[in-house]
Each structure stands twice: as structure tokens, then as C-alpha cells.
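One structure is given here, and the rest of the page talks about it.
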Amino acid sequence: AQAGVTARPRQEWIEIPVPALVSEEVFALVERRLAENAKFSPRHTKEPALLQGLLVCDLCGYAYTRTSQGPGPKKYHYYRCSGTNGWELPQGRRVCPSRPLRADELDQLVWEHVVALLADPALVRTELERRLERMRDADPVRAH
């Protein structure tokens, strides 16, 4: 005969009190965060944003995320600093005064700059040299 696992009826269970590893409050926060992570995961993004994952707030250093507001199908998309969402932060309060940015306007502005940059090889070369120099300056090995 092969060994197996058989579930006992609930009335035969023997309950043993065990202290909780985390508080109910922390457990609830983790459940909420997991649900939000699943909802906002890049794998679940229905409409990808041009600057998704690329924007960082100059005031507080937190990442910008895209949010949507508006009734029904007429939605307005915004890039919002994560530092403005107090409920998401460990401090439980806002740490950044920045305001949301209209995604359509910012995307258009950035796209126009990208197109202009790619249309001018000299501009591409100048920008690459500028970025390489900035990387060299930031390299701790070369700084000493």
C-alpha cells in the first residue's frame, strides 16, 4: 500500500494556540499591497505609458506612476509622484508637494524631443557624449 495524506474531519482537529508572527494590521496592509501590486504590475498594464518606469520626482526622489481619473470611458491619465500618496508610504503621510502631470501632454512633449533628437545625428552624438561624461564623473573608481 502506498502512503498518502488523508484530511481529517474538522471536528477531529486539535487546536493549539500559537502566537501571531505579525499583527492583524500588518497582515491587512500586506494583503492590500499584494492586491495593488497585482493590479498595477507591468504584466497587467492594459494601456502602457510612454514614460512608464522612467520618471523620478526631482522634489522627493520617489518614482512617478501613471494613474487614471474620469468617468466611464472618458479617462484622463496622469503621472503622479508616489510621494504624494501617503497611504502607500511607511510614514503613512504625504512626503511630496508635487502635483500630477497630464500624461498626454508630457508624453507628447517627450516624444517631440525624441523625434528631434533622432533626426539630427550631431545632436545624438552630443547627447551621448554628455551622458558618457556624466557617467565617468559619477564612477567612484575614476573619481579617486
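Scanning region 32-71 for residues that are over 22 Å from Q108 (Cβ atoms) and either surrounded by 10 or more Cβ atoms within 10 Å (Cβ to Cβ) or at pLDDT 85 or above (or both) returns R32, R33, L34, A35, E36, N37, A38, F40, L59, C60, G61, Y62. Figure legend. Inter-residue proximity from region 95-123: first residues over 21 Å from Y62 (Cβ atoms), second residues not β-branched (V, I, T) and not in a helix (DSSP H, G or I), beta-carbon distance below 7 Å, spacing 6+ or different chains. Indicated pairs: D104/H77; W111/L50. Before we move on, is G86 at pLDDT below 85 and among the small types (G, A, S)? Judged against the criteria, G86 is a match.
The values are calculated or read from the model by the stated rules, or taken from the named source; none is laboratory data. Not measured: the values here are computed from a predicted model. Heads up, the Cβs are rebuilt from the backbone with ideal geometry, glycines too, and the neighbour counts pull from every protein chain shown.
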